[in-house]
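This report concerns only the one structure given below.
The values are calculated or read from the model by the stated rules, or taken from the named source; none is laboratory data. Please read these numbers as outputs of a predicted model, since none were measured by experiment. Note: ideal-geometry Cβ built from the backbone for every residue, glycine included; neighbour counts use all protein chains shown. Side chains are part of the model used for accessible areas, which takes the heavy atoms of the whole protein and leaves out ligands, DNA and RNA. Shrake-Rupley method; radii C 1.70, N 1.55, O 1.52, S 1.80 Å.
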Amino acid sequence: MSRIGNKPIALPNGTSVEVLENVVVVKGAKGELSFAYPKQINIEVKEGNVYFTRPNDEKENRSLHGTTRAIVNNMVQGVTNGFEKILEIEGTGYRASLQGKKLVVNAGYSHPVEMEIPEGLTVTVPNPTEIHVVGCNKELVGQFAAEVRIIRKPEPYKGKGIHYRGEYIRRKEGKKAK
């Protein structure tokens, strides 16, 4: 019995869910998202709620039940509130800037790293050591933030690198002098 899959999703004001043939379209104030859901899962919209059912208790259907509900819930949250990831840059000379539709990161390499900003995302750099990634698609926001973090992952000795705000970096002790 899927605890997540059986929970209905309450639709906020200004948000609509349309179920087409194996495609769910969610429209809201921040944008529009669509998702091709598995054929085994049945989705119904009744009285401002979205309900998910599965045909039987086979292992594959059970796993798809909760996953489909979670994805549609994230879509509803994204078109109403949006998602944001904040990255912080630490290190001498490490900084970021925007050049048109490109994010340029100087992270200690011999050249600046340029990244094309995907469609549907808004990236801002309020100060050179902070990057804000905002969008309505949770997967796209997380993927782009992870790609930016990979440019220079935080190292455990001095903590230099790019990390998420609030992320704990496990520090190691350096070599001891005799």
Subject >> Coil-residue chymotrypsin sites (Phe, Trp or Tyr not before Pro) of the range 80-178, DSSP, other Cβ within 10 Å capped at 12 >> reply: Tyr109, Tyr157, Tyr168
**OP:** Go through the range 92-132 and name the trypsin sites (Lys or Arg not before Pro) that are in a DSSP coil and have 14 or fewer other Cβ atoms within 10 Å of their Cβ.
**Re:** Lys101
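Can you give the Rg to Rh ratio for the range 1-46, taking only C-alpha atoms and Rh from Kirkwood?
0.97
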Original post:
Where the only charges are on Cβ atoms (+1 Lys, Arg; -1 Asp, Glu), what is the dipole of the range 36-100 about its Cα centre, to the nearest 20 debye?
Top reply: 140
Original post:
If you project the alpha carbons of the chain onto their three principal axes, what span does each projection cover, largest first, in Å?
Top reply: 67, 44, 24
Original post:
How large is the charge dipole for the chain, taken about the Cα centre, if only the Cβ atoms of Lys, Arg (+1) and Asp, Glu (-1) carry charge, to the nearest 20 debye?
Top reply: 1120
Subject >> Accessible carbon and sulfur surface of the chain relative to its total accessible area, %, 1.4 Å >> reply: 49
Original post:
Under the definition of Cα pairs under 8 Å and six or more residues apart, what whole-number percent is the relative contact order of the chain?
Top reply: 18
Original post:
Which angle between 0 and 90 degrees, to the nearest 10, do you get for helix 138-150 versus the longest principal axis of the chain when only C-alpha atoms count?
Top reply: 20
**OP:** Quantify how much of the Cα-Cα distance distribution of the range 102-178 extends past 15 Å, in percent.
**Re:** 62
Original post:
Nearest 10 degrees, 0 to 90: what angle lies between the long axis of helix 59-80 and the longest principal axis of the chain (Cα atoms)?
Top reply: 70
**OP:** Determine, at each q value in 0.12 (inverse angstroms), the log₁₀ of I(q)/I(0) that the Debye formula gives when each Cα of the range 21-88 is one equal point scatterer.
**Re:** -0.36
Original post:
How much area per residue is accessible in the range 1-81 when the probe is 1.4 Å and only protein heavy atoms are counted (Å²)?
Top reply: 60
Original post:
For the chain, modelled as a GNM with alpha-carbon contacts under 10 angstrom, which of Gly82, Gly120, Gly100 fluctuates the most?
Top reply: Gly100
Original post:
Per the Kirkwood formula on distinct C-alpha pairs, the Rh of the range 95-141 is how many angstrom?
Top reply: 11.3
